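These notes are about the structure you will find just below.
The values are calculated or read from the model by the stated rules, or taken from the named source; none is laboratory data. Since the model is a prediction, treat every value here as computed from it, not as a measurement. Quick reminder, even Gly has a Cβ in these numbers, built from the backbone with ideal geometry, and neighbours come from all protein chains shown. Side chains included, ligands, DNA and RNA excluded: accessible areas come from the protein's heavy atoms. Shrake-Rupley method; radii C 1.70, N 1.55, O 1.52, S 1.80 Å.
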Amino acid sequence: MNNATQAKVVSILAALMLFFTYIAFGFTICATLPMTTEKLSLMTSDFDNSPYSKQDLTELAVEVRNFTVDDYDRGELGFDAAHNALAEKIIDKAHSASQADSPTHDRWSKEALEVLKAANDDPSPATTMQKLSEAGQQYALSDEAIDHLNDVNDVLSRLFLPMLGIAVLAAFCLMASLRYYGYNTAAKSLLYAGLSTLGILAILGIWALVSFDSLFSALHSLFFAAGTWTFPANSLLIEMYPIDFWIGMALVWLISSCSIALLSIIFGLLIKRAHKRNVERKVEHEVQETEVDKTAQVACSD
């Protein structure tokens, strides 16, 4: 394999790794920033039909995000402890939301109120939450919803190290391009990665415009078994995260990944232009040196 072929292989490999890194970057902005969930919940959550106030439902949306994305003490205390911790927070919100002075107290059924009244006698918040969800899925997260959230956490945990490895490999390939094959090869990697990211996201964006539901379903089917991620429209999970919430998340993801892809293209073009100027200057300098040598040779012959 000659040097030119090696440079091309490294350039393509770096571009591929950078592409996955740019996509992961956009997802990271969505998933790791509680502020993103908070802002989108304030704009999209179904406050009109929820038994929780706007503030309570938004706070629950952020808390459920923490349970889903973060470790939430699973590693130290186990899943049951994390489940109980989340259930305890939801039950506390349920108690306050069902009080007579709450603006949503009239949305609580007699059965749900009885569950809350008996909650002090149940040592397990998770059990109480399940009973509350049986009284109405709009009141609490069911065991099925918790299982799905835990599945999401498991997928994210499994993807973290591979995606980190891809980012490190992308950086390594880019540095190798600079060191062994020059700035032009590195510039091509940045250009290819940025353009391919924009191209794939454009295709997904068109798909989302045509049918966001089908795109949402297709992405979920890649990671979760059928029937494990669909819930009633009036469930607490869907009231916190309706389809408009996920459209907002998709836009944040799209804008974030497109932004870094555009930066990649800009840097690639700047490096390529700087490399071209350096080559032109080198050629010009060599021409000048050749002309000086010829002049010196003519002078000597005279």
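Could you grab the relative contact order for the chain? Cα pairs under 8 Å, six or more apart, rounded to a whole percent.
So the answer I get is 30 percent.
Quick one: 3J(HN,Hα) in Hz for the range 50-63, Karplus 6.51/-1.76/1.60 with θ = phi - 60°, rounded, Gly and Pro as x.
Rounded to whole hertz, the list is 7, x, 10, 5, 4, 5, 5, 5, 5, 5, 5, 4, 5, 5.
Describe numerically, in nm with one decimal, the distance between label points set 7 Å from Cα along Cα→Cβ at H105 and at I203.
Roughly 5.7 nm, to one decimal.
What do the square roots of 5 times the Cα gyration tensor eigenvalues come to for the range 117-187, in whole Å, largest first, as semi-axes of the equivalent ellipsoid?
Working through the eigenvalues yields semi-axes of 53, 11, 8 Å.
Any idea of the accessible area per residue across the range 86-147, 1.4 Å probe, to the nearest Å²?
Per-residue value: 52 Å².
If R₀ is 45 angstrom, what is the calculated FRET efficiency for the pair L269 and D151, using the beta carbon separation as r and rounding to 0.05?
Efficiency for this residue pair is about 0.60.
Per residue, how much accessible surface does the range 1-50 expose to a 1.4 Å probe? Answer in Å², no decimals.
54
Expressed as an acute angle from 0 to 90° and rounded to the nearest 10, what is the orientation of the C-alpha long axis of helix 79-97 relative to the principal long axis of the chain?
Between helix and principal axis, roughly 60 degrees.
Could you report the range 159-251's accessible area per residue, 1.4 Å probe, as an integer in Å²?
56
I'm spelling it out carefully: the read-out is mean projected area of the Cα convex hull in nm², the candidates are [x] 13.6; [y] 14.5; [z] 22.4, and one was derived from this structure. Which label?
Correct label is [z].
Please compute the length gained on full extension between H220 and R158, using 0.36 nm multiplied by the number of residues separating them and subtracting their Cα-Cα distance.
20.8 nm
If you stretched the chain out fully between V168 and D143, how much longer would it get, using 0.36 nm times the residue separation minus the C-alpha to C-alpha distance?
Value of the extension gain: 5.2 nm.
What percentage of the solvent-accessible surface of the chain, computed with a 1.4 Å probe over protein heavy atoms, is contributed by carbon and sulfur atoms?
Accessible surface attributable to carbon and sulfur in the chain totals 63 percent.
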